[in-house]
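Participant: Following this message is one structure expressed as structure tokens.
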Amino acid sequence: MNGSQVHPAGGDGKRRPAPSRFGAIVVGGGPAGLAATYTLAGAGVDVACLERGDWCGSKNMMGGLIFSQPTAKVFPNFWHEAPLERHVTRRDMWLATGDSAMKVSFESTDFGAEPYNSFTVYRSRFDKWLSRRAAEAGAWMIPETLVESLLWEDGRVVGVRTGRPGGDLEADVVIIAEGVNHFLAEAAGLAAGPPKAETMALAVKEVLALPRDRIEDRFDLDRGAGAAIEIIGETTGGLPGTGFIYTNRDTISVGVGVLLDSLVGSTREAYSLLDNFKQQPQVRRLIQGAGLREYSAHLIPEGGYRYMPRLFGDGVLVAGDAAGMVNAINSEGANLALLSGQMAAQTVLSCREEGRFDAAALGRYRTMLENSLVLKDLRKYSSATNFLSSHQHLFGLYPELLASLAREFLTVDNMSKADKERLLARLFRSQVPVRSLIKDFYQAWRDLK
Amino acid sequence: MRINSVVCIKQVPDTTQVRIDPDSGSLIRQGIPSVINPYDLYALEAALKVRDSHGGTITALSMGPPQADEALRKVLGYGIDRAVLLSDRAFAGADTLATTYTLSAAIRKIAGELIAAGGAGVDMVFCGKQSIDGDTGQVGPGLARRLDLSQVTYVCSLLEVAAETRTVRAWRQREDGRELLEARLPVAVTITEACNPIRYAALPDLLRAAKAPVEVWSAADLEVEPDRLGLKGSPTRVSKVFAPPARERGETLSGPDRPPNEIAAALFDKLAERGLTIGGSRG
Amino acid sequence: MPVGPGEVWVVIEQEGGRAEPVSWELMGEAAALARKLGARPAAVILGSAGRQLSSAAFSSGAEVAYLVEHPDLEPYTADPHCQALVELAEKFTPQIILLGATTRGRDLASAAATELETGLTADCTRLDIDTTKKLLRQTRPAFGGNVMATIITPHHLPQIATVRPGVFTAPQPVEGVSGETVVLKPHIKATATAVKQLQFVPNPDTGVTLKGAKVIVAGGRGLKAGRNFALLEELAAELGGEVGASRGAVDAGWISQHRQVGQTGQTVRPVLYFAVGISGAVQHLAGMQESDVIVAINNDPEAPIFEVADYGIVGDLFEVMPAMIGEVRQRKLAAGAAASPALLKQGGAMRMEAGTGGESE
Ligand SMILES: Cc1cc2nc3c(=O)[nH]c(=O)nc-3n(C[C@H](O)[C@H](O)[C@H](O)COP(=O)(O)OP(=O)(O)OC[C@H]3O[C@@H](n4cnc5c(N)ncnc54)[C@H](O)[C@@H]3O)c2cc1C
Ligand SMILES: Cc1cc2nc3c(=O)[nH]c(=O)nc-3n(C[C@H](O)[C@H](O)[C@H](O)COP(=O)(O)OP(=O)(O)OC[C@H]3O[C@@H](n4cnc5c(N)ncnc54)[C@H](O)[C@@H]3O)c2cc1C
Ligand SMILES: Nc1ncnc2c1ncn2[C@@H]1O[C@H](COP(=O)(O)O)[C@@H](O)[C@H]1O
């Protein structure tokens, strides 16, 4: 080519014809699918990753924090090259009412150095980077392609059918990493039906632009460092859910997540909850003058352990959100997605040695997950969503009470401290019967500990 | 007869999002997503149609910064044969004259390679009717002049290529109608949105594209005079950019409880104040 | 032969002896520019059928008319025209050449500028002279109209620009003036006629004359159904105007594409533009922003159309429009003009009457 440079078209530069049958097909280019694709391609397997969006990440959103250690398990030292926004050095938890908030803050200087603890990211950029890594490792990355159904042969999954002309692809095994709406997992007979409303949270989010140094001033951050704030209470209009504020490089993500079920039963609309949240004085102060960049909504499967589909079948595995692998307590899903994707790939690799991909062979995926943080965590918090939805007053009443107690206690007036305590106790009891208070806290402790 | 085509593809900012920074008076480019110039996809489809019926090759050609290879990767997915990106600092800042100079040098080289490989040269050059950022529509005709091609712009329907006579027939859109033109090959055509939209690429093509290379050529790869490239080779200069004079937001005539007939009366009173009076035969 | 600095040329776009209006708009502007430069304005008429246009050129401000005659110049195809214009320009070295930004003007200008190795600024909406540097300042929209740019061609001659139709007003013809006529037979290479016109199919006469309409009542998706355009037709008829539409309404199949206003439709410049149930997407605004007075009726107070409207009416169009129609009828009755619907601009400078604006469907 006359000494000219050659850019690989998103590949490893080796012009290889596509095989007639792939070693593996991965459906979905989110963290789960890309971790699986990258791991398989790196091991020399012919793997194709199909993503319906314009590119990997184009349709994806999250709060979002990604945590270093699990991510580094798949992509060691990723912080040197991945497009990250800020490393988070401070995590706050607020209990908010309409006009006041109790704030608990945790800050660690450890979080400001390698291997860090967590980063804020833009999924559109982060996923794109992951997909480039997968392409460089040798995978066939196929964006803008919707997988419509699975191909079957003798009761086994043997490939996928896409919406494109000539769109069937065969493979030894299909890894379903399609995210929260797991149509294919259902089609594979692994999930009984669509995820139930009571197990889903709806998150709505806005990205607001603000210059870097203004963000650092406002959130009291070192240069390049970030804050993550989770808020419960008035944020979500008394519905079970949380609000969040994350600092990116020159934007702020603000959003609320509420259980879909409670939203369906209430008259509130998700966007009005977000508006309401942004109006809170403590929140408003942080986002003042920041202009709207983008606006999005996404579902989070928060059913946890009990609502997970079967994870494997003949010729098929499920990973990430499609498998309901989200830790509802802190909406952590990207971690679990990355790790489960990697383990799905490792399962395929070990099955290749034996040359069989039936359910019995692929079943070791489950064992691998059980022995890892993925299912350990999910099991630990298995009652969390249940608890959250059956104790809606936690999100309205208690924060309100706690805040008013704090206000009473901290407001210096002419009342003696002893009188004040008595008054507060009366106030508190008048709102919540003590028995139910004790019960709530006991249950919360049991479910969440 | 096999027809070899070159399709010129430009990566452009999504212009609906481009704005002028009111403080600095400069263009805000950062964070604006890039897209393939929509008319170029119509051009690509027209080229694919010609290849469907005549065979031959299609080369996509683009001049732009390194990241413009994204656009070429995407068009590779339509099953074309080759993608070439002209990228070099020296090409930067080109107006349409310098652009056609550089693109034409590349097309000559492509033609040379086709001939060296035992084929004919380039028979057809396809461009979009205009780019949505520059909006000039000057590059297609410019290429025609520089490469001595027949020039047919604003093609709204491309008809069969007649192999025996080496001619092509095309309908060209004008303000007052359409004209059927017959042009001798080699030809440069610019394609409007009245042609067919780009097809849905087949999966096997996408798979092939996933591993196909985008070739990147610099000035050193072309037979060009450095002084005729990029900003240096551009006779035009942008002396100023500014936001279009915003129309002032006017007056709101409606009010919470104002009945429609009052609003209507108020409107025509206001119009009358401006000298727009209802009622004919007064003058 | 040229005296003083190079002339300011306008290429008169003609076919069969009929010139495009934009050519006269440009002739007037060229005369003004030439005055500032102390140069002569000239008309370039390509094709012998255009011979008869020289007097019109003089009465529109030209001091010279170049009549370029060759059988290959008719009907228009790019190559012979380019060769002729290039030969002429090389011989007479004008400093400025202006063409209409039409499908033919842009086609020819691009080819000629390439051949002359000079700059070409497309689609200008404003021209003026930098008097110290004697340069043409060419202002044009770019990036879909979100940005305006002023372009100069500092070191090359001629400076060439295409200008959008309707930007300048054609001068009132001054009768009885004459000028120098130069007749020229260019050498057009025979091989060059590589493009042949086989057929021309004029646009069907749709009866829609949005371009010249003084009043346009345009509707968008807010109208909900095609039949509701009757409301607009009624108001348009009362005001002696035309009905226009947004792409949304056209795509919905409610109204003919000939009535589409905007980037991919027509660019209009009426005295009065009603935007009814139109959100005001930039592509639509691009086609109507130059209207003298814009009235917007929309039930969404946040609709971007209000940003450009002189008069905004936030309300249900199905309530507002009947009131508008009623109001106009009432006023006409009061003015004793029931029979001849009319909107009159005071001072008599501009007078609109039914029929001159065009008929509604
Ligand atoms: C507001 C919000 C905040 C969050 N915050 C955090 C956080 O701070 N930390 C954290 O770890 N997690 C967080 N999460 C959760 C996290 O985003 C998800 O758990 C994670 O993205 C799951 O990855 P995945 O790969 O399984 O699914 P996804 O990221 O949803 O990816 C699935 C991909 O598959 C594609 N796809 C789907 N169907 C098809 C098909 N049929 N054919 C082809 N392609 C298909 C989709 O386009 C998508 O790209 C948050 C989520 C939300 C909504
Ligand atoms: C390359 C390109 C070129 C384009 N070119 C053009 C072009 O040339 N011309 C063009 O027009 N568009 C063009 N478009 C399309 C344009 O972007 C918009 O999609 C289109 O104009 C939308 O039409 P609309 O305003 O009627 O509909 P919508 O955007 O749906 O707006 C309808 C409006 O009516 C209001 N409304 C609804 N009901 C009522 C009621 N009862 N009373 C009062 N108000 C009501 C709503 O609040 C809303 O604001 C182009 C797009 C592209 C990408
Ligand atoms: N930098 C470029 N690289 C490749 N093709 C281009 C480039 N600029 C313009 N073109 C082609 O020329 C057409 C008209 O562009 P323009 O003259 O800029 O309006 C486009 O639709 C493209 O097909």
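The values are calculated or read from the model by the stated rules, or taken from the named source; none is laboratory data. None of these values were measured; they are calculated from a predicted model. Every residue, glycine among them, receives a Cβ derived from its backbone with ideal geometry; neighbour counts consider all protein chains shown. When the accessible area is computed, the model is the full protein with side chains, heavy atoms only, and any ligands, DNA or RNA have been set aside. Shrake-Rupley method; radii C 1.70, N 1.55, O 1.52, S 1.80 Å.
Participant: Could you pull out every residue, at least 5 positions away or on a different chain, whose amide H is within less than 5 Å of the one on residue C:309? Hs are placed 1.01 Å off N in the peptide plane, and Pro or chain starts have none.
Facilitator: Those qualifying (amide H under 5 Å, at least 5 residues apart or on another chain) are B:250.
Participant: For an R0 of 30 angstrom, estimate the FRET efficiency from the Cβ-Cβ distance between residue A:212 and residue C:211 and round to the nearest 0.05.
Facilitator: On the way: r = 50 Å, r/R0 = 1.66.
My answer for the efficiency is 0.05.
Participant: By the scheme Lys and Arg +1, Asp and Glu -1, what is the net charge of all other residues having a beta-carbon under 11 Å from that of residue B:44? If you can, show how the numbers build up before the last one.
Facilitator: Numbers: positive: B:49, B:51, B:74, B:199; negative: B:40, B:45.
Neighbourhood net charge equals +2.
Participant: Quick one: how many lysine pairs does region C:7-193 have with C-alpha atoms less than 30 Å apart and a gap of 8 or more or different chains? Give me the count, please.
Facilitator: Details: C:36/C:91; C:36/C:133; C:36/C:134; C:91/C:133; C:91/C:134; C:91/C:185; C:91/C:189.
Final tally of qualifying lysine pairs is 7.
Participant: Can you compute 3J(HN,Hα) from phi for each residue in region B:173-187, using the Karplus curve 6.51 cos²θ - 1.76 cosθ + 1.60 with θ = phi - 60°, rounded to whole Hz and x for Gly and Pro?
Facilitator: With the stated coefficients, region B:173-187 comes to 7, 10, 4, 9, x, 10, 10, 8, 10, 10, 10, 7, 6, x, 9 Hz.
Participant: Sticking with this one: Let me know the charge dipole size of region B:38-164 about its Cα centre in debye, to the nearest 20, where only the beta-carbon of Lys, Arg (+1) and Asp, Glu (-1) is charged. It would help to have the intermediate numbers written out before the result.
Facilitator: Values: 11 positive and 15 negative charges, 41 e Å.
With only Lys, Arg, Asp and Glu charged at Cβ, the dipole is about 200 debye.
Participant: Determine, for each peptide in A:251-257, A:111-117, the mean count of other beta carbons within 10 angstrom over its residues, then list the peptides with the highest first.
Facilitator: Values: A:251-257: 25.4, A:111-117: 15.1.
So the peptides A:251-257, A:111-117, ranked by packing, come out A:251-257, A:111-117.
Participant: Express the relative contact order of chain B as a whole percentage, based on alpha carbon pairs under 8 Å and six or more residues apart in sequence. Can you show the working numbers first?
Facilitator: On the way: 532 pairs, mean separation 65.9, N = 283.
That works out to 23 percent.
Participant: Mind checking the per residue accessible area of the protein assembly as shown for me, 1.4 Å probe, whole number of Å²? Please list the in-between numbers first.
Facilitator: Working: 44930 Å² over 1093 residues.
In whole numbers, the protein assembly as shown has 41 Å² accessible per residue.
Participant: A further question follows. Roughly how many whole Å is it from the C-alpha centroid of region A:17-64 to that of region C:9-65?
Facilitator: Rounded to whole Å, the Cα centres lie 63 Å apart.
Participant: Just the number, please: buried accessible area between A and B, total of both chains, 1.4 angstrom probe, nearest 100 square angstrom. Present the calculation step by step, with values, prior to reporting the outcome.
Facilitator: Working: alone 20420 and 16640 Å², together 34650 Å².
The summed interface area works out to 2400 Å².
Participant: Going highest first, how would you order A:219-230, A:171-182, C:313-324 by mean Cβ packing within 10 Å?
Facilitator: Numbers: A:219-230: 18.3, A:171-182: 26.4, C:313-324: 20.8.
Descending mean neighbour count gives A:171-182, C:313-324, A:219-230.
Participant: Another one. With θ set to phi - 60°, apply the Karplus curve 6.51 cos²θ - 1.76 cosθ + 1.60 along region A:308-316 and write out the HN-Hα couplings as whole Hz, x wherever there is a Gly or Pro.
Facilitator: Rounded to whole hertz, the list is 6, x, 5, 9, 8, x, 6, x, 8.
Participant: Taking the Cβ of residue A:340 as the centre, find all other residues whose Cβ is under 12 Å away and add up their charges (Lys, Arg: +1; Asp, Glu: -1). Intermediate values should be presented prior to the final figure.
Facilitator: Numbers: positive: A:73, A:366; negative: A:321, A:370, A:377.
Spelling it out: positives minus negatives among the neighbours equals -1.
Participant: Label residue A:310 and residue A:354 with points 7 Å out from Cα along Cα→Cβ: what is the distance between them in nm?
Facilitator: 1.7 nm
Participant: A follow-up question, please. If you take each beta carbon of peptide A:159-171 and count the beta carbons of other chains within 10 angstrom, what is the mean? Provide the component values of the computation, followed by the final result.
Facilitator: Details: counts 0, 0, 1, 2, 2, 8, 7, 7, 5, 1, 3, 0, 0.
That average works out to 3.
Participant: Only Cα pairs within less than 10 Å get springs; with that Gaussian network setup on chain B, which residue of B:232, B:49, B:270 has the largest fluctuation?
Facilitator: Fluctuation is largest for B:270.
Participant: Please go through region A:32-90 and write out the GluC sites (Glu not before Pro) that DSSP classes as loop and that have at most 12 other C-beta atoms within 10 Å.
Facilitator: Details: sites: A:51, A:81, A:85; in loops: A:51, A:81, A:85.
Listed in order of number, the matching sites are A:81.
Participant: Out of all DSSP beta bridges with both ends in chain C, state the antiparallel percent to the nearest 5.
Facilitator: On the way: 15 of 61 bridges.
Here the antiparallel bridges make up roughly 25 percent for chain C.
Participant: Given the options C:211, C:196, C:185, state which has the largest fluctuation in a GNM of chain C using a 10 Å cut-off (strictly under) for Cα springs.
Facilitator: So, out of C:211, C:196, C:185, the one fluctuating most is C:196.
Participant: Which residue, C:99, C:44, C:28, has the largest displacement toward the positive end of the dipole of region C:7-193 when charges sit on each Cβ (Lys, Arg +1; Asp, Glu -1)?
Facilitator: Highest projection toward the positive end goes to C:28.
Participant: Hey, another quick one. May I ask which residue of A:129, A:95, A:113 lies farthest towards the positive end of the charge dipole of region A:81-140, with charges of +1 (Lys, Arg) and -1 (Asp, Glu) on Cβ and the Cα centre as origin?
Facilitator: It is A:129, whose Cα lies furthest towards the positive end.
Participant: In percent, how large is the relative contact order of region C:7-193, given Cα pairs closer than 8 Å and 6 or more residues apart?
Facilitator: Details: 423 pairs, mean separation 53.2, N = 187.
With pairs under 8 Å counted, the relative contact order is 28 percent.
Participant: Would you give the gap between the C-alpha center of region C:97-155 and the C-alpha center of region C:270-304, rounded to a whole Å?
Facilitator: Distance between centres, Cα-based: 29 Å.
Participant: Which value, in debye to the nearest 20, describes the size of the charge dipole of chain B about its Cα centre when Lys and Arg Cβ atoms bear +1, Asp and Glu Cβ atoms bear -1, and nothing else is charged? Please list the in-between numbers first.
Facilitator: On the way: 34 positive and 35 negative charges, 57 e Å.
Computed about the Cα centre, the dipole is about 280 debye.
Participant: Which trypsin sites (Lys or Arg not before Pro) in region C:124-174 sit in a loop by DSSP (not H, G, I, E or B) and have at most 11 other Cβ atoms within 10 Å of their own Cβ?
Facilitator: The qualifying sites are C:133.
Participant: Restricting the count to DSSP beta bridges whose residues both fall in region C:215-354, what percent are antiparallel, rounded to a multiple of 5?
Facilitator: Working: 3 of 23 bridges.
Here the share of antiparallel DSSP bridges comes out near 15 percent.
Participant: Same structure again: Along the charge dipole of region C:7-193, Cβ charges K/R +1 and D/E -1, which of C:129, C:75, C:109 sits furthest on the positive end?
Facilitator: Projecting each Cα onto the dipole axis, the largest value belongs to C:129.
Participant: Which residue fluctuates the most in chain C, going by a Gaussian network model with Cα springs under 10 Å, if the choices are C:326, C:145, C:265?
Facilitator: Top of the fluctuation ranking is C:326.
Participant: Using a 1.4 Å probe on the protein heavy atoms, what percent of the accessible area of the protein assembly as shown belongs to carbon and sulfur? Provide the component values of the computation, followed by the final result.
Facilitator: Working: 22800 of 44930 Å².
After summing per-atom areas, the C and S share lands at 51 percent.
Participant: For a quick protection proxy, order the peptides C:5-11, C:176-182, A:206-212 by their average other-Cβ count within 10 Å, most packed first. Before the final figure, lay out each step's value.
Facilitator: On the way: C:5-11: 25.9, C:176-182: 14.1, A:206-212: 18.0.
Those peptides, ordered most packed to least, come out C:5-11, A:206-212, C:176-182.
Participant: I've got another one for you. Express the relative contact order of chain C as a whole percentage, based on alpha carbon pairs under 8 Å and six or more residues apart in sequence.
Facilitator: 14 percent
Participant: Continuing with this model, one more query. Report, for region B:49-171, the % of DSSP beta bridges that are antiparallel, rounded to 5.
Facilitator: So the antiparallel bridges in region B:49-171 amount to around 45 percent.
Participant: In debye, nearest 20: dipole of the protein assembly as shown around its Cα centre with unit charges on the Cβ of K, R (+) and D, E (-)? Before the final figure, lay out the partial values.
Facilitator: On the way: 114 positive and 126 negative charges, 243 e Å.
For the protein assembly as shown, the charge dipole is close to 1160 debye.
Participant: Find the centroid of the Cα atoms in region B:76-136 and in region B:1-71, then give the distance between the two in whole Å.
Facilitator: Value for the Cα centre distance between the two parts: 11 Å.
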